[in-house]
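Undergrad: Take a look at this one; I'll ask things after.
The values are calculated or read from the model by the stated rules, or taken from the named source; none is laboratory data. For clarity, every value in this text was computed on a predicted model and none was experimentally measured. Heads up, the Cβs are rebuilt from the backbone with ideal geometry, glycines too, and the neighbour counts pull from every protein chain shown.
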Amino acid sequence: MPAHERVKGPASCFSSIKVKYGKSIAHWMHVREQAAPLRHMALVSQLKTKHPPGHGHAGTLAAWLLACKPQQP
């Protein structure tokens, strides 16, 4: 990606999430894979309860994780 292109959307928060919580995005993907099929707010709640992210970062992670790996019915 050229240096002048700015990262947008949830990915723009990934570097601060990695620094603040010390966990890679691959870690969060694993957390998502281990979770039961959840909707957005249920996943946000689970992330906040079982892991350290605050509401904003949990919402960002949930949105990205749900978009990356669609749940099967």
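Undergrad: State all residues of the range 21-40 that are of a type in the set (Lys, Arg) and either in a loop (DSSP other than H, G, I, E, B) or out of contact with any Leu (no Cβ under 6 Å at 6 or more places or on another chain) (or both); if no residue qualifies, say none.
TA: LYS23, ARG39
Undergrad: Being under 14 Å from LYS50 (Cβ atoms) and either modelled with pLDDT of 85 or more or not basic (Lys, Arg) (or both) is the filter here, so list the residues in the range 15-32 that pass it.
TA: TYR21, LYS23, HIS27, TRP28, HIS30, VAL31
Undergrad: Residues being at pLDDT below 85 and either surrounded by 16 or more Cβ atoms within 10 Å (Cβ to Cβ) or assigned to a helix (DSSP H, G or I) (or both): count how many of those fall in the range 41-63.
TA: Summing the residues that are at pLDDT below 85 and either surrounded by 16 or more Cβ atoms within 10 Å (Cβ to Cβ) or assigned to a helix (DSSP H, G or I) (or both) in the range 41-63 gives 1.
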